[in-house]
Protein chains: 2
Amino acid sequence: MKKNIQALSIVFVGAGNLATNLAKALFREGFHIDQVYSRTVESAYSLAQYINAKYTTSLVDLKPDADLYIVSLKDSAFVELINEICEAKNSNALFVHTAGSIPMSIWSNHVQNYGVFYPMQTFSKQREVDFREIPFFIEASSPKHCNLLKEIAHTISDKVYDATSEQRKSLHLAAVFTCNFTNHMYALADELLEKYGLPFETMLPLIDETARKVHQLTPKQAQTGPAIRYDEGVIGKHLEMLADDKQMQQLYELISKSIHDRSK
Amino acid sequence: MKKNIQALSIVFVGAGNLATNLAKALFREGFHIDQVYSRTVESAYSLAQYINAKYTTSLVDLKPDADLYIVSLKDSAFVELINEICEAKNSNALFVHTAGSIPMSIWSNHVQNYGVFYPMQTFSKQREVDFREIPFFIEASSPKHCNLLKEIAHTISDKVYDATSEQRKSLHLAAVFTCNFTNHMYALADELLEKYGLPFETMLPLIDETARKVHQLTPKQAQTGPAIRYDEGVIGKHLEMLADDKQMQQLYELISKSIHDRSK
């Protein structure tokens, strides 16, 4: 490994939302990303252009002599492609993945030096995020590589932690509730408002306050609304309004029940 | 009605989260709240003290000659108590409620002047909110009273709108998804993290970014995570982790299905 971490030769395997945001953040800190792989030309090309890297859509053309391979693929694709990714590469190279729910041990039969580099955040290509606030959870096959990964993470974030594969899996599950499911609640509200001809913007102060509130109160303390009071009049009216969408109605009922049951 | 709105004699019927926050905000703008009613002494007393008002726990002692009665009760209690609230009061008085899902017409058989004064926000007694950002939705039995209510709302908020009872009901339903259900997603994450011995604070950057994101992208564009990709490996692992809590497991499955179905 080279002394100056910015001089490392880095390859990104994957050019999705996470890879795109992470590669751009590293690029801005002076890292050299030599190559980007993606299954689709559009993704590979558009990321590679931004970060001044070469690109390929074929794993057999993956640069064999890089120092660090950062693999950021859909979990099922990763499991399928790990053999090809690891084959005939520099034996001193470090391989990391960025997935919340895949254990570090997935690498152990394939390469010598490996780890996990997990930034816990929601990434979309259309939006650049402030990396300084993003917690990074790091794991590696040796203390030396763990330190190296932490050093890299620290160049872009102020929040770098050790986490075992077990802990990371738990964080990922919690993050699905906190972020993906929360965003879906926004999406369902958006759908309802569109049906009634009302603008989604009216919800933004409420969305912001709901998020700010849990900086001060626990989510349990912060809970309000008809479900916690179990106001049957309101709940009944709402279920009626959702009668033409059985899936949304079922969701409303189940979430309300869960709120009420947990309030006891 | 008096010319100077700050000189109105106001009575609050209810001293819950919404009433407490609204009464304090009006008090800070120089309004005189003469009396607070609540079923419980603690709530009545603690709000009354703060806003320098009298208090009662008995509806028969409600001041009969106020100018404005602001009723902010649980919906079922309101329906039950409306007779008593309206009985033998100043016939020129204006009666308003603050409920999202109760039509304005509920007043029509009881009093002459009535309306709705609905601030769409999540209120907790332990937390003071910035009212300037909160949208108020106003409806009244006459244009004169509608204007008066808007004038009052404008003293504390920059966002004051007309809304029919139908529109208000739709906004309230959307707000339940946006706020109450979202907060419950935070609560479930909190519960999981506690089980695994991890701090909820790690989720705050994710919560904040999820909220900020929908200022720029639609919720549909902002959606990320295993459900939208339908990453069966991850979803299967998560369902396994939730095996000891059937309700949470069912929620995970149903929300994931809803995300995936709506992404098509």
_Which numbered condition in (1) more than 7 Å from chain B (Cβ to nearest Cβ); (2) buried (at least 17 other Cβ atoms within 10 Å of the Cβ) is the only one that A:E194 fails?_
(2)
_Residue list for the range B:126-160, filter: within 11 Å of another protein chain (Cβ to nearest Cβ) and surrounded by fewer than 16 Cβ atoms within 10 Å (Cβ to Cβ)_ = B:Q126, B:E128, B:D130, B:R132, B:E133, B:D158
*Residues A:K237, A:K264, A:K257: which one is basic (K, R) and under 25 Å from B:E240 (Cα atoms)?*
A:K257
*Go through A:L254, A:L188, A:L206 for me and flag whichever is touching a Leu at 6+ places or on another chain (Cβ under 8 Å), on the phi < 0 side of the Ramachandran plot and surrounded by 20 or more Cβ atoms within 10 Å (Cβ to Cβ).*
A:L188
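Quick grid of which residues meet (1) farther than 20 Å from A:S9 by Cβ; (2) out of contact with any strand residue (DSSP E or B) (no Cβ under 9 Å at 6 or more places or on another chain):
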{"residue": "A:Q126", "(1), (2)": "yes, yes"}
{"residue": "A:F131", "(1), (2)": "yes, no"}
{"residue": "A:I138", "(1), (2)": "yes, no"}
{"residue": "A:K144", "(1), (2)": "no, no"}
{"residue": "A:N147", "(1), (2)": "no, no"}
{"residue": "A:K150", "(1), (2)": "no, no"}
{"residue": "A:S157", "(1), (2)": "yes, no"}
{"residue": "A:S165", "(1), (2)": "yes, no"}
*Do we find that B:S101 is out of contact with any strand residue (DSSP E or B) (no Cβ under 7 Å at 6 or more places or on another chain), buried (at least 16 other Cβ atoms within 10 Å of the Cβ) and within 15 Å of B:F117 (Cβ to Cβ) in this structure?*
yes
*Answer yes or no as to whether B:V234 is outside the structural domain of B:E139 (by TED's automatic domain parsing), in a helix (DSSP H, G or I) and either surrounded by fewer than 22 Cβ atoms within 10 Å (Cβ to Cβ) or in contact with a Phe, Trp or Tyr (Cβ under 7 Å, 6 or more places away or on another chain) (or both).*
no
*How many of the residues in the range A:224-242 are charged (D, E, K, R) and more than 8 Å from chain B (Cβ to nearest Cβ)?*
1
*asked:* Of everything in the range B:2-22, what is small (G, A, S) and closer than 25 Å to B:S124 by Cα? Give them in sequence order.
replied: B:G14, B:A15, B:G16, B:A19
*Working only within the range B:10-34, note down all residues that are out of contact with any strand residue (DSSP E or B) (no Cβ under 9 Å at 6 or more places or on another chain) and at positive phi.*
B:G30
*Evaluate the following for A:E84: is it modelled with pLDDT of 95 or more, surrounded by 13 or more Cβ atoms within 10 Å (Cβ to Cβ) and among the acidic types (D, E)?*
yes
*Checking B:G197 against (1) at negative phi; (2) out of contact with any Lys or Arg (no Cβ under 9 Å at 6 or more places or on another chain), the condition it does not meet*: (1)
*asked:* Looking at A:R168, A:R212 in this structure, which one is touching a residue at least 60 places away in the same chain (Cβ under 8 Å) and either more than 7 Å from chain B (Cβ to nearest Cβ) or over 30 Å from B:R168 (Cβ atoms) (or both)?
replied: A:R168
*Pairs where the first residue, in the range B:188-201, is within 19 Å of A:A211 (Cβ to Cβ) and the second is outside any helix (DSSP H, G or I), C-beta under 7 Å, 6+ apart*: B:D190/A:T218; B:L193/B:P199
*Do you know which of the residues in the range B:22-36 that are touching a Phe, Trp or Tyr at 6+ places or on another chain (Cβ under 7 Å) and crowded, with 22+ Cβ neighbours inside 10 Å is farthest from B:S142 (Cα to Cα)?*
B:V36
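The values are calculated or read from the model by the stated rules, or taken from the named source; none is laboratory data. Being a predicted model, the structure only gives us computed values, none of them experimental. With ideal geometry, Cβ positions are generated from the backbone for all residues, glycine too; neighbour counts draw on all protein chains shown.
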